[in-house]
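To start, the structure itself, in structure tokens.
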Amino acid sequence: MTSTKPPSRVQKQREIRVAAGWQEVKVWVPTERDADDIRNLAAERRAKAEALDGLSNEVKAVTPETQLRIAQAIAEHGSAAYTHSSGAVLDLLTQLADEDDLVSFSRAFIILARAKPTNAASVASFIPAKISNFLIKHRGIDPASMMTWTHEHPDWTDLLKSAVRDPARFEHVVETMAQEMKRPH
């Protein structure tokens with residue numbers, strides 16, 4: 001029999017971190033000092049991830065300039081200059097879309113999700129709107145055609161949010177959407 005109880009906050013955070021590639025380690029140690037050492041090491045590793053250290057698989061695929069822009073946006077997490085805690089990252093995603101750089105858009109999201117996994121779902125919720133604006137501005141999609149297409153494809157937002165973690169797939173999904181929206185009905 002499966003439980004119908006919704007997942008707890010801790011369970012949701014665990015699932016989010018696992019989806020971002022984080023590893024959970026549980027360990028028993030003989031002394032409080034050992035426990036403090038492990039807590040300190042864990043805090044150090046989380047800080048390194050937020051500083052993008054150890055994310056070489058994702059980072060090496062972006063230009064040094066884009067890497068710097070991503071690191072700066074993540075460093076501004078929680079800044080009072082924005083109404084959303086990830087406002088700087090959201091601005092960066094908008095800039096990358098305005099630059100017609102869907103691959104860097106995707107990679108920036110991947111790196112954010114890795115560095116700040118608990119913010120990934122919130123940032124992902126903005127992706128459909130950002131891509132809608134991108135399609136209108138950069139692919140010449142008529143807003144009425146877009147509305148018709150999105151109505152006919154109710155899963156389009158989920159498709160974008162799942163594809164964003166794979167740069168080549170994300171670019172393909174967005175370009176396919178653009179082509180389908182341009183087809184006469």
Quiz item: Of (1) out of contact with any His (no Cβ under 6 Å at 6 or more places or on another chain); (2) under 26 Å from MET181 (Cα atoms); (3) touching a residue at least 24 places away in the same chain (Cβ under 8 Å), ASP158 satisfies all except one. Which?
Solution: (3)
Quiz item: On the given criteria, is GLU175 open to solvent by 40 Å² or more (accessible area, probe 1.4 Å) and farther than 20 Å from PHE109 by Cβ?
Solution: no
Quiz prompt | When residues of segment 159-172 are limited to those that are small (Gly, Ala, Ser) and surrounded by fewer than 17 Cβ atoms within 10 Å (Cβ to Cβ), the one farthest from VAL62 (Cα to Cα) | solution = SER162
Practice problem: Would you check which residues across segment 125-146 are open to solvent by less than 10 Å² (accessible area, probe 1.4 Å) and either among the aliphatic types (A, V, I, L, M) or not in a helix (DSSP H, G or I) (or both) and list them? | Solution: ILE127, ILE131, LEU135, ILE141
Exercise. Examine segment 3-23 for a residue that is open to solvent by 80 Å² or more (accessible area, probe 1.4 Å) and at pLDDT 85 or above, and state whether such a residue exists.
Key: no
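Results for (1) of a type in the set (Lys, Arg); (2) open to solvent by less than 70 Å² (accessible area, probe 1.4 Å); (3) touching a Ser or Thr at 6+ places or on another chain (Cβ under 7 Å); (4) more than 19 Å from ALA168 (Cα to Cα), shown as yes or no for each residue.
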residue	(1), (2), (3), (4)
LEU68	no, no, no, yes
ALA75	no, no, no, yes
GLY78	no, yes, yes, yes
LEU93	no, yes, no, no
VAL103	no, yes, no, no
ARG107	yes, yes, no, no
Quiz prompt | Count - residues of segment 133-155 that are among the aromatic types (Phe, Trp, Tyr) and farther than 20 Å from ASP100 by Cα | solution = 1
Self-check item: Qualifying residues in segment 111-138 (those that are among the β-branched types (Val, Ile, Thr) and either at pLDDT 95 or above or farther than 17 Å from SER162 by Cβ (or both)) - the one farthest from the chain's Cα centre (by Cα)
Solution: ILE136
Practice problem: Can you run down the residue pairs with Cβ atoms below 8 Å, 6 or more apart or on separate chains, where the first is in segment 114-139 and without any contact (Cβ under 8 Å) to a residue 40 or more places away in the chain and within 19 Å of ALA49 (Cα to Cα) and the partner is assigned to a helix (DSSP H, G or I) and not polar (S, T, N, Q)? | Solution: VAL123/VAL89; VAL123/LEU90; VAL123/LEU93; VAL123/PHE109; VAL123/LEU112; VAL123/ALA113
Exercise. Look at ASN119 and say whether it is among the polar types (S, T, N, Q), farther than 25 Å from VAL18 by Cβ and open to solvent by 10 Å² or more (accessible area, probe 1.4 Å).
Key: no
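The values are calculated or read from the model by the stated rules, or taken from the named source; none is laboratory data. What you see is a predicted model; the values in this text were computed from it and never measured. Positions of Cβ are generated from backbone atoms using ideal geometry, with glycine treated the same way; all protein chains shown enter the neighbour counts. Areas reflect the complete protein model, heavy atoms only, side chains present, ligands, DNA and RNA absent. Shrake-Rupley method; radii C 1.70, N 1.55, O 1.52, S 1.80 Å.
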